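Input: a single structure, listed below in structure tokens.
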Amino acid sequence: MMKNKRGQVIVISGPSGVGKGTIVKEIMYSDPNLAFSVSATTRAPRVGEIDGRHYHFISREQFNDMINSGDMLEYAEYGGTLYGTPQKSVEKELDDGRDVILEIDTQGAFQIIKKFPDAVSIFILPPSLDELKKRLCDRGTENENSVKIRFGAAERELSLADKFKYLVVNDKLEDAIFDVQCIIRASRLQKTNRSEILEKYNISNKDKRSE
Ligand code: 5GP
């Protein structure tokens with residue numbers, strides 16, 4: 001049997017409240033070749049969040065054990081809470097040939113970009129800072145203090161947007177979803193992901209993927 005072509009890492013980052021979660025949910029829904037990396041976190045579940053589906057909700061002790069045994073592909077502290085990407089599930093999906101979506105903060109994104117230089121990195125921006133503040137308040141999942149912390153972090157995160165390959169402004173949700181779908185589609189057409197075509201026509205392939 002022919003071995004599956006390895007999937008690619010897709011990092012989606014951007015400030016809290018920008019709509020990353022909604023965009024990711026929609027693109028996952030319409031694309032069976034995408035796998036969502038379920039992060040581990042020490043924060044408490046929000047209403048409606050399911051353990052193992054939205055996050056793996058674990059204690060600080062369990063989180064530190066995972067770090068110490070090298071089970072985290074990346075991790076970061078955000079607003080006093082730990083978030084991290086479990087390594088094994090990501091590697092398994094990549095080996096199975098699926099592209100894996102990592103919806104993570106900028107600190108984690110940079111760790112991933114270092115480890116996977118060919119990762120498709122996408123930064124989602126709000127149409128304006130005022131609009132972002134409004135969305136964070138309207139979301140109603142955070143208390144006043146958490147909104148303040150998240151808005152402060154948002155301003156810092158926005159200044160790092162230039163480190164990503166692709167920038168998508170989430171003004172109209174359908175446009176932002178389409179933009180991300182187009183980026184993923186184009187990334188799959190890169191010659192480094194099309195060895196089967198190069199082989200078919202006996203074209204030598206000098207630019208191999210680096211992971
Ligand atoms: P929330 O508490 O709103 O679910 O997430 C807060 C922030 O943590 C968001 O910016 C989210 O993208 C980020 N985040 C979620 N999972 C991970 C992860 O595994 N690693 C890192 N570095 N950030 C994460």
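All of the numbers you see were taken from the coordinates with simple rules; none came from a lab. Only a predicted model underlies this, so the values are computations on that prediction, with no experimental measurement involved. Please note: Cβ atoms are built from the backbone with ideal geometry, for glycine as well, and neighbour counts cover all protein chains shown.
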Original post:
What number of residues within region 117-152 satisfy the criterion of being over 23 Å from E49 (Cα atoms) and in contact with a strand residue (DSSP E or B) (Cβ under 7 Å, 6 or more places away or on another chain)?
Top reply: 7
**OP:** Enumerate the helices (runs of 4 or more DSSP H) found wholly within region 128-211, keeping only those where 2 or more residues are in contact with a Pro (Cβ under 8 Å, 6 or more places away or on another chain) and surrounded by 12 or more Cβ atoms within 10 Å (Cβ to Cβ).
**Re:** 129-139, 144-158
Subject >> Every pair of residues 6+ apart whose Cβ atoms lie under 9 Å, when the first sits in region 60-84 and is touching a residue at least 40 places away in the same chain (Cβ under 8 Å) and surrounded by 18 or more Cβ atoms within 10 Å (Cβ to Cβ) while the second is of a type in the set (S, T, Y) and part of a loop (DSSP other than H, G, I, E, B) >> reply: L73/S37; Y78/S16; L82/T42; Y83/T42
Subject >> D99 vs. criteria touching a Phe, Trp or Tyr at 6+ places or on another chain (Cβ under 7 Å) and among the charged types (D, E, K, R) >> reply: no
**OP:** Please find, among R43, R60, R53, the residue that is basic (K, R), more than 19 Å from the chain's Cα centre (by Cα) and farther than 22 Å from I113 by Cβ.
**Re:** R60
**OP:** Being more than 9 Å from the ligand (Cβ to nearest atom) and within 20 Å of S146 (Cβ to Cβ) narrows it down to one of G97, G48, so name that one.
**Re:** G48
**OP:** Run down V24, V18, V47 and say which single residue is out of contact with any helix residue (DSSP H, G or I) (no Cβ under 7 Å at 6 or more places or on another chain), β-branched (V, I, T), closer than 21 Å to E142 by Cα and surrounded by 20 or more Cβ atoms within 10 Å (Cβ to Cβ).
**Re:** V24
Original post:
In region 158-211, what count of residues is obtained for those that are touching a residue at least 12 places away in the same chain (Cβ under 8 Å), over 30 Å from L129 (Cβ atoms) and not small (G, A, S)?
Top reply: 10
Original post:
Is there any pair linking a residue in region 32-43 that is more than 10 Å from the ligand (Cβ to nearest atom) to one that is among the polar types (S, T, N, Q), with Cβ under 8 Å and at least six apart or on different chains, and which?
Top reply: T42/S59; T42/T81
Original post:
Which residues, taken from region 147-189, are of a type in the set (F, W, Y) and within 30 Å of E77 (Cβ to Cβ)?
Top reply: F151, F164, Y166
